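Quick one: the structure is below, and I'll ask about it shortly.
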Amino acid sequence: MEIGNLQRRYLDFASTLFHEGFLDNQFTQLQQLQDESSPEFVLEVVTLFFEDSEKLLDELSRTLNQQAVDFKKVDAHVHQLKGSSASIGAQRVKNVCVAFRNCCEEMNQEGCLRCLRQVRNEYFLVKNKLETLFALEQQIVAAGGSVPMMW
Amino acid sequence: MRVLVVDDSPVDRKIAEMLLKKNGGMFEVIPVDSGIKALEVLGLNEGKSERTHINEQKIDIVLTDYFMPHMTGYDLLKTVKENSNLRSIPVVMMSSENDPEIISSCKGIGAEDFFVKPFKLKDVQRLRTYAAKTPMCKHGTKRKLPVDVIPENSSYESCPRVPKVAVA
């Protein structure tokens, strides 16, 4: 596919991610940090986010399905997920984590399980979107073009 | 300038490392993922103080997350400030929670500042001012000039030594 078309597709897709609230300005901040000396910085950070998040989600599932739920432990994990999602600009994941923490405070197991389903859903949505975004970047570079800046 | 970055989040450690490295080579980053490892870097084991190994890695500033398992950033701050050999090292806290009580309690026991995450470029700029306040090292190997002699906008290429930052 022609470079110009790929670049337009990339910009349109990225723009949608921001408009639909999947990503916020923090993601743009990370992109601005990337340079020739660290050309894969955003990919590296997002990959760490994926690994960390999936561990946390598994741990949350295990902890919430215990007979006696340790809500402090649940809250600690949600706090970490909230922090890392905020750090990469995964806005919708972060917002669900805020509600999740409220359920932890209320020691509401049902509420927490509901939030876990929501946060898992939002996480996999944003993961899918980001993987698509990075794939588009790779296509542009493979075609000999440069990835357009979104700011 | 050696910055010990303490954060259990690998995402936040990576971002902090990148932001600090972007500052014209001013910071050398030593990242650790826990308060306990931070104490090891500083030459302290839990509850022990081995004078000969204190701050062998010449840490100039500690940047630590507040909420961490096993040993919180607050506990780390307290341990550093209670140690006569380490208390002059500036400790800056960070957290995603903007809680006035937490901020006040940290500053009350000697934290230089409290950054609300995500860690940003303007926070790095503030770190520079705290690191510049560090008194001359007793062992005299790093800081050859008093702080007030070093011009504000000095280029790091002209510094005889770029301090290293340990990021745990």
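Read the figures in this text as sums done on the coordinates, not as results from a lab. Predicted model only: the values in this text are computed from it and were never measured. Here the Cβ positions follow ideal geometry from the backbone for every residue, glycine too, while neighbour counts run over all protein chains shown.
Pop the C-beta distance of A:Arg117 and B:Glu82 into the FRET formula with R0 = 35 Å and round what comes out to the nearest 0.05. Please report the intermediate quantities before stating the final value.
Working: r = 45 Å, r/R0 = 1.29.
Here the calculated transfer efficiency is 0.20.
What does the structure give for A:101-114 when I average, per residue, the other chain Cβ atoms found within 10 Å of the residue Cβ?
Working: counts 0, 0, 0, 0, 0, 0, 0, 0, 0, 0, 0, 0, 0, 0.
The per-residue average across the peptide is 0.
How crowded by other chains is A:81-93, given as the mean number of beta carbons from other chains within 10 Å of each beta carbon?
Working: counts 1, 3, 12, 8, 2, 5, 10, 5, 1, 0, 0, 0, 0.
Average per residue, whole number: 4.
Moving on to the next point. Net charge near A:Ala90: determine it from the other residues with C-beta under 11 Å of the C-beta of A:Ala90, scoring Lys and Arg +1 and Asp and Glu -1. Show your work: numbers first, answer last.
Details: positive: A:Lys82, A:Arg92, A:Lys94, A:Lys127, A:Lys129; negative: A:Asp24, A:Glu122.
Here the count lands on +3.
Now a separate question. Could you rank the peptides B:35-42, A:17-24, A:45-52 by their average count of other C-beta atoms within 10 Å per residue, with the highest value first? Spell out each step's value before the answer.
On the way: B:35-42: 22.0, A:17-24: 16.6, A:45-52: 19.6.
Answer by packing, highest mean first, reads B:35-42, A:45-52, A:17-24.
Follow-up. Note the direction-averaged projected area, equal to a quarter of the hull surface, for the Cα convex hull of segment B:2-134, in nm². Working shown, then result.
Working: hull surface 28.6 nm².
Computed as one quarter of the Cα hull surface, the answer is 7.1 nm².
So, one more: Under the rule of at least 5 residues apart or a separate chain, name every residue whose amide H is placed under 5 Å from the amide H of B:Lys117.
B:Ser95, B:Ser96, B:Glu97
Going by average Cβ neighbours within 10 Å, how do the peptides B:25-34, B:98-107, A:99-108, B:4-13 rank, with the highest at the top? Present the calculation step by step, with values, prior to reporting the outcome.
Working: B:25-34: 20.7, B:98-107: 13.8, A:99-108: 16.4, B:4-13: 25.5.
The peptides rank, most packed first, as B:4-13, B:25-34, A:99-108, B:98-107.
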